[in-house]
Amino acid sequence: MLLLIGLIMYSRTTSPNIYITAIFSIILLVIAIIFVADILKDKAKRK
């Protein structure tokens, strides 16, 4: 999770094009949400 946030911050400082940055951030956000959802599903199955 921290790595994803770090990548978003890094892309914002290096990329001059705001549209590329926005798309990149949205993609990472979707990946993070899917990742968290999978973890929650695993915890629910274990219980």
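Just so it is clear, none of the values below were taken in a lab; they were calculated from the coordinates. For clarity, every value in this text was computed on a predicted model and none was experimentally measured. So basically every Cβ, Gly included, is an ideal-geometry build from the backbone, and we count neighbours across all protein chains shown.
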Karplus-derived HN-Hα couplings along the range 30-38 (A = 6.51, B = -1.76, C = 1.60, θ = phi - 60°), whole Hz, x at Gly and Pro: 4, 4, 5, 5, 4, 4, 5, 4, 5
Label-to-label distance, nm, for residues given as ILE39 and ILE5 (7 Å Cα→Cβ offset): 1.2
By average C-beta atoms within 10 angstrom, highest first, the peptides 23-31, 38-46: 23-31, 38-46
